[in-house]
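The values are calculated or read from the model by the stated rules, or taken from the named source; none is laboratory data. No experiment lies behind these values; they were computed from the predicted model shown. Heads up, the Cβs are rebuilt from the backbone with ideal geometry, glycines too, and the neighbour counts pull from every protein chain shown. Note: areas computed on protein heavy atoms with side chains; ligands, DNA, RNA excluded. Shrake-Rupley method; radii C 1.70, N 1.55, O 1.52, S 1.80 Å.
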Amino acid sequence: MLVLPPSFPIGGMENPRLTFLTPTMIAGDRSLVDLIAHELAHSWSGNLVTNASWKHWWLNEGFTTYVTTRILEVLYGEEVATMNLQLEQEEAIESLKDIPQAKQALLTRDPDTGSSTYTDEGLAYPKGAWLLRTLEGRAGRAVFDPFLRGWFDRHAFQSVTTEQFVAYLRSNLLAQHPEVMSEAELGEWLHGAGIPAGAQHAKSQRLVALDATTTAWLKGELTTAQLDTKAWTALEWMKFLNDIDKEADKARLQQLDAAFGLAKSSNDEVAFRFHRAAIHAGYREVRPQLQAFLMRVGRQKFVVPLYTALRANLDDRAWAENLYKSARERYHPETQTSVDKLIRQR
Ligand SMILES: [Zn+2]
């Protein structure tokens, strides 16, 4: 594994035998190792069995994302895997707001556009994984795991299409267990927008408990000093910051930052979510830390949503355009293209 400079525009690239990684996965507490699991899983889904064209991209990324949480389950147990999965599913649903309906199907990518915007690519990861999770949940692992293993064995060293997957699914799972998924629902997953109504949602007990804390804190029934965060993992911080985004005002965010130093967190997933909430709340006192973040990190997953949030009001927008003048040359051309597009939009 080769850790690249912070301008590396994506999380990782699964080059056979030499995965490239963003340094933003190094948080100091090993909390973001799911990215390692993801890139390793690509040795099978992506590098051993490869999508025939970008139109079938979900066969690489959806399968890999599915396998990632299975690896986390083996390493850290069911609860941690379920927390990861729940967050992944919630963020997928949240992302639907920003993706045109026509681009929400699994089988939709234009084979000619090798790299489109990060959100269009992004949905294939959790949605593809969600289809496999739903099949697994209904069929049970005793049936699903040999089915999945067989997919890799039969298609090793080949390029595959969605049509091949559907044919394999029909003859090796649905023929024997037609109750697992109807043809209509399968069509909805592959060609429809959004997440089908029958999708199985992950529910983590730890995150359910966190919901109660978040709600109480937002209502003011719980003060910031009363937040018992000692046992929180990075995932709980990420979920908490997702849920208070656009809800917590400047004063509450100020208290949070004073207590936990979130704007300068060494975990970029946490710092990113804090800054997104700070922008939405107009908490401009943390601009120096935001500026440092945007000058250091060029990963599109963080940079694009932050510039997007900064476009929402004129003062932030002017500040962001000015900052981008010095930050631009630090970014990878793919990130530059994405942010250029945002900055040009009026
Ligand atoms: Zn991947």
Inset, instruction - Averaging sequence separations of C-alpha pairs under 8 Å and six or more residues apart, then dividing by the length of the chain, give the relative contact order as a whole percent. - result: 20
Inset, instruction - Restrict the search to the stretch 160-227; then list the GluC sites (Glu not before Pro) that DSSP places in a loop and that have at most 10 other Cβ atoms within 10 Å of their Cβ. - result: 179, 221
Legend entry - Efficiency of FRET between residue 334 and residue 145 - r from beta-carbon atoms, R0 51 angstrom, step 0.05: 0.90
Legend entry - Theoretical FRET efficiency, 1/(1+(r/R0)^6), r = Cβ-Cβ of residue 231 and residue 251, R0 30 Å, to 0.05: 0.70
Inset, instruction - Would you grab the residues whose amide H sits under 5 Å from the one on residue 106? Only those 5+ places off in sequence or on another chain, please, with H modelled 1.01 Å from N. - result: 191, 192
Legend entry - Hull shadow area, averaged, the stretch 33-191 [alpha-carbon convex hull, nm²]: 9.0
Legend entry - Listed peptides 141-154, 35-48 by packing density, highest first (mean Cβ within 10 Å): 35-48, 141-154
Legend entry - Calculated [θ] (222 nm, deg cm²/dmol) that DSSP helices of n ≥ 4 give over the chain, each run adding -39,500 (n - 2.57): -18000 deg cm²/dmol
Legend entry - Volume per residue that the Cα convex hull of the chain spans, once the total is divided by residue count, Å³: 138
Inset, instruction - Could you do me a favour and compute the accessible area per residue for the stretch 254-316, 1.4 Å probe, result in Å²? - result: 37
Inset, instruction - Compute the distance in nm between two label points, each set 7 Å from the Cα along the Cα-to-Cβ direction, one at residue 163 and one at residue 3. - result: 4.6
Inset, instruction - At 7 Å along the Cα-to-beta-carbon direction for both residue 242 and residue 318, put a label point, then send me their distance in nm to one decimal. - result: 3.6
Inset, instruction - Report the full-extension gain for the segment residue 73 to residue 284: residue separation times 0.36 nm, less the Cα-Cα distance, to one decimal in nm. - result: 72.0 nm
Inset, instruction - Run down the lysines and flag those whose C-alpha is under 28 Å from the C-alpha of residue 230, throwing out any fewer than 8 positions away in its chain. - result: 203, 219, 239, 246, 250, 264, 301
